[in-house]
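Just so it is clear, none of the values below were taken in a lab; they were calculated from the coordinates. These numbers were taken from a predicted model, which means no experiment stands behind them. Glycine also receives a Cβ, built like all others from the backbone with ideal geometry; neighbour counts cover every protein chain displayed.
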Amino acid sequence: MKIVTPQSLPRERLGTDLRSGSVHEIWRDPDDEVDPRWSLSLVDVKRNVKSLHRPEGTVDHWLGISGPQLRLVDGTRQEKVRADHQIVVESTTPLLLLRSSIGRAKSTRLLRVTRKSEMQPIILGRVFVSDPVEFDTDVRAIYLISGRLRVADTDLAEGEAAIFDDTVPPVMHSDGAFVATMAIPCVEVPQGS
């Protein structure tokens, strides 16, 4: 297991305007650093992003974490990004990220997984943990949105991620925490790792 604090990682510009926001890559496919099959990022949107280009042959999965409401425009489709379900974008047209005019002082925070289109779908979700919980073995990463969470012998702070690269997720304890999960179905992880 590896603990990552996304805000301490190098950030990349979001879109073409430097003031639009930033992207912090949390984790990428450990099997191929040069051309990864997928990557998990924390995205902070501070202004409308008029043209977010994505690599050819990729699919994006988006999940809202916090901040003002945001609409994602993909060609002719327009969807509100929410915390209770993921949005999957398969089109290669540039995306528009449009923020609500309410709460402009705060940034909108999202999780994004970019994967190669031939790869199996990835599932982003949000759960409330209030008792000891053991996630399925297909959960490869979690991000603590709010609350307190103990993972194995480590206390996770808000805004930190725990990566279960090649291990089964340990039992987690909390008295109340919102957690985002990233799962890759059908990944076989050896028991007892």
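Rounded to the nearest 20, the Cβ-based charge dipole of the chain about its Cα centre (Lys and Arg +1, Asp and Glu -1) stands at 1380 debye.
Excluding Glu79 itself, what net charge comes from residues whose Cβ is under 15 Å from its Cβ, given Lys and Arg +1 and Asp and Glu -1?
With Lys, Arg at +1 and Asp, Glu at -1, the net is +2.
Candidate cross-link partners of Lys50 among the aspartates and glutamates, defined by an alpha-carbon separation under 15 Å and a same-chain spacing of 8 or more, comprise Asp17, Asp74. Extension gain for Ser66-Phe128 works out to 20.8 nm (0.36 nm per residue, less the C-alpha to C-alpha distance). When you filter the GluC sites (Glu not before Pro) in region 44-127 for DSSP loop state and at most 15 other Cβ atoms inside 10 Å of their Cβ, you are left with Glu56, Glu90, Glu118. Between Leu14, Leu111, Leu52, the residue with the greatest mean-square fluctuation in the GNM of the chain (Cα pairs under 10 Å linked by springs) is Leu52. Between Met119, Met172, Met182, the residue with the greatest mean-square fluctuation in the GNM of the chain (Cα pairs under 10 Å linked by springs) is Met119. Each Cα pair under 8 Å and six or more residues apart adds its sequence gap; the mean of these over the residue count of region 9-116 is a relative contact order of 31 percent. Approximating the spin labels as points 7 Å out from Cα along Cα→Cβ, the Ser117-to-Ala105 distance works out to 4.4 nm.
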